[in-house]
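The values are calculated or read from the model by the stated rules, or taken from the named source; none is laboratory data. All values reported here derive from a predicted model rather than from experimental measurement. Cβ sites come from the backbone with ideal geometry, for glycine too, and all protein chains shown count toward neighbours.
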Amino acid sequence: MEAIILQILNGLDKGSAYALIAMGLTLIFGTLGVVNFAHGALFMVGAFCAVTLSRILTLSHEVVDPTRTDFLGNPLKIDVPYAYDWFGQATGDAIIDWAVPLSILFAVPVMIIMGVVMERGLIKHFYKRPHADQILVTFGLAIVLQEVIKYFYGANPIPTPAPQAFASSMDMGAALGFEAGQIIYPIWRLVYFVFAAIVIGCVFAFLQFTTFGMVVRAGMADRETVGLLGINIDKRFTIMFGIAAAVAGLAGVMYTPITSPNYHMGMDFLVLSFVVVVVGGMGSLPGAVLAGFLLGVIEAFASLPQVLDVLPGLNQIIIFLVAIVILLTRPRGLMGRKGVMEE
Amino acid sequence: MTDQTEQHATSAAPAASSATKPSTKVLGLGPKDFKLMFLVVVLTMAAPFLLNPFPEGSAMAQFNAGYPDLMQRFVIFGIFAIGFNILFGLTGYLSFGHAAFLGVGSYAGIWMMKLLTMNVIPAIVVSVAVAGLFALVVGYISLRRSGIYFSILTLAFAQMSYSLAYSVLTPITGGETGLQPKVADPRILDGALEAGASPRANLFGLEMGAGFEWEVGNWLFTFNAGYYVAAVVMLVAFYLSIRIFRSPFGMMLRAVKSNQQRLSYTGLSPKPYTLAAFVISGMYAGLAGGLLVAMDTQVGAERMFWTASGEVVLMTILGGAGTLIGPVLGAGLIKYMENILSKINKDILHEWFFFLPDGFENLMVALVYPFIGKGWHLTLGIIFMLVVIFLPGGLVEGGQKIAGLFKRGKDADASKTTPAE
C-alpha cells in the first residue's frame, strides 16, 4: 500500500507539469486551431523567468568590511545584494529565499505579453495555412527561442533552489496515518501539485463562470456564428493565447526547483505533452488534464523496480505505448470531441 | 500548399505527356529531367573541385567544404532528405520520426560489419532491408491516422526506438557508448586481420578512407573513395526519385495530398499508396544510415533522437518540399552551415572587420557573434522561419521567382513552368 501511494505521489508532480502544458496546448488548439510546437519553449522561458528574477534579486555591490580581514591582512571585501540595502538584511534574505514563488508575479505579465506578441506577430498569419506549416513555423520559433536563451544563459543547467521552508522532505506516511518512514516525499513537489491544481481550477473557473469565458467557449464550438453575432472573437482568442502562454510559463517557473532549467528542457516536455494532448483528445481541456495526470502516474508505476525486473526499460516507453494503443483503439482520444481534427 | 500542388500537378501534366514521345526520352527521363539529372551528376562528380574554390592558406579557405567528411555528409543527408521528400513532398504526411529508420539502418549495417565482413555492400543492403521492414510496421500502424495524429504517432515510435536503443537494448545497440567494429569481432567472410591492423570499411578491398590529393598551385583537391561510393549511391537514389515523381504511382501520391476524399470517391483506397511511399522513404533513410556506417563505422543512439528527425524536416522544407532537387539543396545548406558556420570564432570575426575603426569593429563583432560559432542553430532557426513564412516552396521557389523576374520580358508563359519539376 505504501509503495502504491508513493508511486502515485511520484507521478503527480510530473503529471502536473504534463497537465499544465497540455492544457495550454489544448487551449491554443481549441480556440485558434493552431498546433503550437513552441509551447515547450514557452515552458522553458517561464523557467528562465525564475532564473532571471533570482539573478536580479541577488545583484550585489562590493562593500569593504573594516572589521574583518582576509588572509593577507587587507580589509575584507564582501558582496552585499542591493536587496539588503533596500529592505534590511532579514527581509532581503527572505526575498532572495523566496525568489522562485516571487517569480510568478514577474512571469505572468512577461508570458502574457510574449504570448500576445507571438499570436499577433506570427501565428495570426498562419490560420489559413495547412497544419503542417503551423507545426513548422512554431518549430522554427521554438529553435530560435531556445537558442536565444542559450546565448544569454549558457548551455549548462542553472540550479534554482526552492525556499528553505519547502526545500526538505516530509514524511507523508506519518501524515496519512501509515507507518512512519515509509513514504518520504519532497515538500516542493507537493507544493507543485497543489499549485498546478489551483492554476487548472482557475482556468476552468474562468472559462465556466465569466462572460468572457462563455464567449470563448462559444467561439470554440462555433467560431463563425459567434463572429456573426458581432463579437470580436479574434481579440478574445488572442487573450486566450496569452493565458495559455502564461500557464505554460507558470508551470516552468514552479518546476525550476525540481529540475534545474536548461535551454532544451522545453523540447523534452513538449514531445510528451503532445502525446498527452492526443491521448486526452484533441481540443478537450478536461481530457488534457486527465491524461496528463494519468500518464504521469502510469509512468511512475512503470518505474517500480518490481516492474522493471520483469520488463526492463518499460518506464522509458510506457507513455508512447499507451499513446499508440489509445490512438488506435479510441482514435479521438479519451475525451475527444467529435469533428475536431478529423480530415 | 494545396493550391500550389495543383499548380504543380497541372504544369507537370503537359511536360509528362510530351515526355511520352519515345524520341525525347533518354533513360526513361524527359528532356527537362534529363538535363536536371545530368547537372546533378556533373555537380556531384566535380564536387571536390567546386567545393574548394579558395586556395589553401588564404583567409577564405575556411569556407572550403571540399573535405571528405563533409562531402560524404552532403550526399548521405541528401539521400535522407530525398527519401523524406517522397513521403512529405508527395503525400503531405509530415513524419516527425524519420531518424528512427536512419538509426535502425545504421545498427543493421554495423552488425553486418561486425558479423559478416567489412565490405560495405552487405551492410548497405541489409540496412535498407531492415529499415524497410521497420517502416512497414510503423507505417502500417501510424497511417491509420492522418494530420497531426500521424505526426505524433511517428514521433512516439521514434522516441520509443531512441529510448529502447539507449537503455534496454544495450546488448544490441551498445547503449550510450554506441557500436563500432572491433578487432575481435567474428567477420566470418573476411580473413583474419593482420596483427596490429584495425578493421576498416572497404568496397572489395578499396578502403573508404582511401583517396588521393591533387595539388594545383595553391589549391589542394581531395578525391576520397568513400565520397564517390556515396555519391554514386546518391545519384541512383536521385534517379529513382525522379522516376517515382514522374510515374503514375507518383501521380497517385500527389492525389493523396491534394484531396484524399475525392480520391476515395473514385473508388481508390489511398492507403496502399501512402504505405508504399512511407516504406520507400523509410528505405531511403535506411540507405542513408547504412552509408553513414560505411563511412565512419560507428553508431550511437543520438542519431535517432527526435531532433535528428526534425533536422530532415528542416532540410526538406528549406530546399523545397515536393520538388526534385530541393531536398538535396536543403541538406547541403544545413550541413554546410553546421560545419562551416560553427567553426567561425571571435578571432576570425575580428580579422574580417579589421578595416573598421576599433569601436565599430567591436560593435560588428558583438552583433554578428551570436549568429555564428555555437550559435549557428539560431541562424538556422531564423532562416527556417523566414522560409516557412515567405517562401513555403523553399529555396527552389525562391530560385524560380528570381528566374521569373529575368524571364518576364521575353516570355510570360515560360516563367510559369517549374524548372525542377
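Structure values in brief
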item: Any hit, segment A:68-81, residues being within 14 Å of the chain's Cα centre (by Cα), touching a residue at least 24 places away in the same chain (Cβ under 8 Å) and within 23 Å of A:F166 (Cβ to Cβ); result: no
item: Residues located in segment A:89-121, provided they are touching a Ser or Thr at 6+ places or on another chain (Cβ under 8 Å) and either at the interface with chain B (Cβ under 9 Å from one of its Cβ atoms) or among the hydroxyl-bearing types (S, T, Y) (or both); result: A:S103
item: Helices (runs of 4 or more DSSP H) lying entirely in segment A:59-135 (those with 2 or more residues that are of a type in the set (D, E, K, R)); result: A:89-97, A:99-121
item: The lone exception for B:F355 - which of (1) within 14 Å of the chain's Cα centre (by Cα); (2) without any contact (Cβ under 8 Å) to a residue 12 or more places away in the chain it fails; result: (1)
item: Residue count for segment A:256-304, restricted to those that are among the small types (G, A, S), crowded, with 22+ Cβ neighbours inside 10 Å and either outside any helix (DSSP H, G or I) or without any contact (Cβ under 8 Å) to a residue 12 or more places away in the chain (or both); result: 3
item: Residue match in segment B:295-303 (condition: touching a residue at least 40 places away in the same chain (Cβ under 8 Å) and within 30 Å of B:V365 (Cα to Cα)); result: no
item: Subset of segment B:129-138 [within 13 Å of chain A (Cβ to nearest Cβ) and either buried (at least 23 other Cβ atoms within 10 Å of the Cβ) or not hydrophobic (A, V, I, L, M, F, W, C) (or both)]; result: B:V138
item: In segment A:146-156, residue nearest to the other protein chains (Cβ to nearest Cβ) [restricted to those that are in contact (Cβ under 8 Å) with a residue 24 or more places away in the chain and part of a helix (DSSP H, G or I)]; result: A:E147
item: Flag if B:I110 is surrounded by fewer than 24 Cβ atoms within 10 Å (Cβ to Cβ) and more than 16 Å from the chain's Cα centre (by Cα); result: no
item: Where a residue in segment B:156-174 is more than 8 Å from every other protein chain (Cβ to nearest Cβ) and more than 21 Å from B:T297 (Cα to Cα) and its partner, wherever it lies, is crowded, with 20+ Cβ neighbours inside 10 Å and among the β-branched types (V, I, T), with Cβ under 9 Å and at least six apart; result: B:A158/B:V138
item: Enumerated helices (runs of 4 or more DSSP H) restricted to segment B:245-336, each holding at least 3 residues that are more than 17 Å from the chain's Cα centre (by Cα); result: B:248-258, B:260-265, B:271-296
item: A:I143 vs. criteria within 11 Å of another protein chain (Cβ to nearest Cβ), at pLDDT below 90 and touching a His at 6+ places or on another chain (Cβ under 9 Å); result: yes
item: Segment B:139-155, residues that are touching a Lys or Arg at 6+ places or on another chain (Cβ under 8 Å) and facing another protein chain (nearest Cβ under 10 Å); result: B:L153
